[in-house]
Amino acid sequence: MIARAPRRIVVRFVIALILVFAVVLNSPWTRGNIYEQLPPLFKSSGSSLNLSDTLRAGGATIQAHVEDALQYAIPAGVPHETGEETQDVRLPVPTSRLMDTNLGEKAGANVGLERPTKAYPPWITEPSRTAPIAPPSSRPADMKEYMKKMLRWGRPTWDGHWPPFKDYINMGYDPNRWEEFKMDYRVYEAGHNDLDPTDAADPFAYKPFPAYNTDDWKRRWHGEHVACMGPRNLALNESTDDVVQAYRGIPKDFPPVYAGGYDVVGLDNDVCFDRYSRYGPYGYGDDEYPDNVRHWKAPEIIPEWREVRWGELQDDCLVRNQKRFRPQARTPTVKIPSTVLPEPEVASSAFAIPIDTSKSNIESREKKYHHRTAILIRAWTGYHYEENDITAIRAMISELSLQSGGEYQVFLYVHVKDSSIPIFQDQATYDRILRENVPQELRDIAILWSESIFPDWYPKVMDWQVYWQQFMCLQFFSIKHPEFDYIWNWETDARYTGHHYHFFEKISEFADKQPRKLLWERNKRYYLPSVHGDYQSFIEQTHKDVLNASAHSLIPPPVWGPRPWARAEPPQKPLGPKPPMSFEADNFTWGVNEPADFITLLPLWDPRNTTWSYKDKIWNYLPGVRPIFTPDDGAADWFTHPDFISIDRRVFINTVVRFSKRMLQAMHEENLVGRSMQAEMWPSTVALQHGLKAVYAPHPIFNDRHWPTAYSEAIFDTASSVDEQGAPLENRQGAWTEEADSPYNHDREFNFQGWSWYYASRFPRNLYRRWLNWPIVKQDWGQEEKLDGGSGFDGKLQEKRMCMPGMLLHPVKRMKKEFVKP
């Protein structure tokens, strides 16, 4: 451990030492006994200085708390009692999750609000709507004519661009059109110096955790939350160095959310994080002097990071908190389990959550053990870990596992690409592969696996490549590690600029609150605030459109219970529940506070009428019909079957998703009989067919350009057939993104390049690098490239450093500081 001292303190100490030495040499005190000349300052106990009193005098609210205020997806409409005419104001709802802050008078802003007696669906106010539906944004009277005008633009003629510019001359659509839109640089310019000066000078400890060990908490949970040890060899309830800091407020002129929303899923939208406050506890800025960064409360102790053993810290944390979890979930994870396929009854037992264990934080229930969640960060042999990869993993371990007392556990799940290597049969071989492929600091959180397991487990599938069958390894993990009730599949190139615990908990709570009625229909559609107005109106209009379209046979009837494939052989046996009432009788109550089996961070949609590239990658739904891959055709692009159109299925993009045990059990049982689909189509389709609860959580997504509202609607909220030139013909109500003009089609997908969250966007890497003050390339349309970021760009004292609210970013690849371009 290294104790950090600010440079100015070191300098002043040296100067003071020299001056004291000089004074002492020339002082008369050194030449006679004159100590009695000192005034009796310290002789009387009544005159002593009490440091605690001094601190309290200037900061009575140092440990004031602020309500998270976003437990419910949409704040309730609460009448404002002013003596004047009642207004509809949107007030935050108190929650039991608190942040340690120093808000002063602001801390009392929400005092007096009462918690609603029940959780309402996110589009219903309490007790009822008191304001009219927000009017839709203005849109062209003739959208087809509008699009024709938009497609008359200065299209370049040079080659080497994909999609090729010339391919869309005289076409009715152009996936490159958005590139000419004006860049939105407001997010890059949202600096620390744009905060309120008082807030900018006072970062606070951000702790979005439950009120552990309170009477209310103890009534709901077994055991006691015990503070765990952190990487600085200090208990985390004593170490301020290990705590993320945040600033109140958002820099002025920060751009609005493009898709989804903070208030929608319950995330804090009134705090921001800069690179020092966010990553300082995890090593960022260890080589910098705190005096050179304005308003940074830098950690005082710097660990020897290479010597930190994160696996040991997580295991010790579990032992300290073992009474909070069921007996079977109290022991450290076995890293090299047996690869033998268990008998069906053993597997079913592993997939089951005992009744003494909670399934959700928000369920109404008697006292229970807390559920546990595994985070599997997917890596592979040969992956190169950059320093920022490790910093981000440190943050996940500390915030999710150590500070929560073991509610989560983070693993590096490493795919050994050479399946012939006997990692499960020879400990020495396992250890060698581990040493050669994983940095020392991360080795004891790593678990190795290979595809060699699955020919024996799922022989009837006849394909076990991780590219297509990405979640077989999660099914293996869940069976062999039944201590975990949920599993998040995470990627090394995903980043969250806020606090991980806050994000994961709020996403889970949002999903759990969703009623099942019209859930699959809501799941398919993007919420675009500039197009749809407020979220409540958006949901109500979505429901109206779906019900009207279904009544007129424009789309299939809404999903209500399991939808097994009628021709499945052997027949599917849905694991999900049957509806407790008819669709018409349900008042959006079935499913409320039911834990979600599957959570995605992008919509779930039906690909059958689109040209999405992988929609026909289907194994054995028709016996013996499956894609066959060859060295010459590794993607089997030719493969299809006319009967596939009748297989109802759903797709989600990006594999950062959460699974319940029941979800993984259903996938496991389908694989046992040989059925499977492409990875981004597989779990969502199984959920649909088995009647499991799948939820798209519309977290906030930003865009790097100023998109016209009407154009956004035409691209991302569309559902039209097309003519030979790809121009829209007839809109099909209620089928958003599921028709021939789907934005998920191979070339149209290029429209997502400017999104902050998608599988192949360019924006996330640039945004994240600039937030770190690493150099990036900016380029306005038709202009030369220019460099932004790096030494000197954020001011002499880094006062212009970016401060952003929590934002999920992907992909963020090749994160080496020198790699300006990926």
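Table for the structure above
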| quantity | calculated |
| --- | --- |
| Pairs of lysine residues in the range 141-266 - Cα separation under 25 Å, sequence separation of 8 or more or cross-chain | 10 |
| Distance between modelled label sites at T630 and H746, nm, 7 Å Cα→Cβ extension | 1.9 nm |
| Added length on full extension, which subtracts the Cα-Cα distance from 0.36 nm per residue, A141 to W162 | 4.3 nm |
| Fewest-first sequence of T737, T640 by Cβ atoms within 10 Å of each Cβ | T640, T737 |
| Cut-off 11 Å between beta-carbons: net charge of the residues surrounding H690, Lys and Arg +1, Asp and Glu -1 | +1 |
| Inter-part distance where the range 699-744 and the range 456-506 are each reduced to a Cα centre, Å | 31 Å |
| Sum of side-chain charges, P327 neighbourhood, beta-carbon under 11 Å (Lys, Arg +1; Asp, Glu -1) | +1 |
| Proximal lysine pairs, the range 284-406, alpha carbons under 29 Å, eight or more residues apart or interchain | 8 |
| Cα centroid of the range 517-575 to Cα centroid of the range 350-419, whole Å | 31 Å |
| Separation in nanometres of the label points that stand 7 Å from Cα toward Cβ, at Y185 and D291 | 3.4 nm |
| Given charges at beta-carbon only (K, R positive; D, E negative), |dipole| of the range 520-599 in Debye | 280 debye |
| Sorted by Cβ density within 10 Å, fewest first, the residues I776, I618, I353 | I353, I776, I618 |
| Contact order normalised by residue count of the range 275-423, Cα under 8 Å, 6+ apart, percent | 25 percent |
| Gain on full stretching of the segment that runs from W380 to Q328 - 0.36 nm per residue minus C-alpha separation | 15.8 nm |
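Since every read-out is calculated from the coordinates, none of them should be taken as a lab result. Everything quoted here is computed from the prediction, not taken from an experiment. All Cβ positions, even for glycine, are placed from backbone atoms using ideal geometry, and neighbour counts span all protein chains on display.
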